[in-house]
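The values are calculated or read from the model by the stated rules, or taken from the named source; none is laboratory data. Keep in mind that what you see is a predicted model, and the values were worked out from it rather than measured. Here the Cβ positions follow ideal geometry from the backbone for every residue, glycine too, while neighbour counts run over all protein chains shown.
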Amino acid sequence: MKKILSGLAAGLVFGIGLTIAQMTNPAKVLAFLDLFGAWDPSLAFVMGGAVVVTFVGFRLLRTRAAPVCDTAMQWPTAAAIDARLIGGAALFGLGWGLVGLCPGPAIASLGIAPQRTVLFVAWMVIGMALVRWFVERRPVTAATV
């Protein structure tokens, strides 16, 4: 139960932060991405702040023997830049640039303006399911591991 409640609290804080920073406002995000038009650099400060907090947070976590709500730290192990990573990053960037939303802000936007984001979230979930279905049906080889 502690794990679920801490996840809920972290998600709420993240969603509130995205909303306050206006990352849930597609017009604000698209203005940030419009480098050669009416560029709005304010989200760069949001992202810069997130990078600093994450950097410090990970440094502090590395000093702990175990996390608060689990038995062991679960650090990422993948280090290779492969086609899946590049393809996923390209799809993420394409969706962000076309619509002005990415997964986190889209989920947070469901609580603010569901009529505006429900279609995006539905297609995002369908896309995730299709990728999972496709990956699970591919034979595992040395190149796909």
Response to the item:
Being exposed (fewer than 12 other Cβ atoms within 10 Å of the Cβ), within 29 Å of Ile126 (Cβ to Cβ), of a type in the set (S, T, N, Q) and without any contact (Cβ under 8 Å) to a residue 60 or more places away in the chain narrows Thr63, Thr71, Thr54, Thr77 down to just Thr77
Response to the item:
Note on Phe45: of the conditions (1) surrounded by 13 or more Cβ atoms within 10 Å (Cβ to Cβ); (2) of a type in the set (A, V, I, L, M, F, W, C); (3) over 20 Å from Leu98 (Cα atoms); (4) without any contact (Cβ under 8 Å) to a residue 40 or more places away in the chain, unmet is (1)
Worksheet item: Restricted to region 60-91, and to residues that are at pLDDT 85 or above and among the charged types (D, E, K, R), which residue is farthest from the chain's Cα centre (by Cα)?
Response: Arg64
Worksheet item: Residues in region 31-56 that are among the small types (Gly, Ala, Ser) and more than 17 Å from the chain's Cα centre (by Cα): how many?
Response: 4
Worksheet item: Do we have Gly111 as farther than 24 Å from Ala27 by Cβ, out of contact with any Asp or Glu (no Cβ under 9 Å at 6 or more places or on another chain) and at pLDDT below 90 here?
Response: no
Worksheet item: Would you call Thr19 in contact with a helix residue (DSSP H, G or I) (Cβ under 8 Å, 6 or more places away or on another chain), touching a residue at least 60 places away in the same chain (Cβ under 8 Å) and part of a helix (DSSP H, G or I)?
Response: yes
Worksheet item: What are the pairs, 6+ residues apart or on separate chains, where a residue within region 114-127 that is under 13 Å from Gly100 (Cβ atoms) has its Cβ under 8 Å from a residue that is in a helix (DSSP H, G or I) and among the polar types (S, T, N, Q)?
Response: Arg116/Ser109; Thr117/Ser109
Practice prompt. Could you check Leu91 against (1) in contact (Cβ under 8 Å) with a residue 24 or more places away in the chain; (2) closer than 25 Å to Ile16 by Cβ and say which number it fails?
Written response: (2)
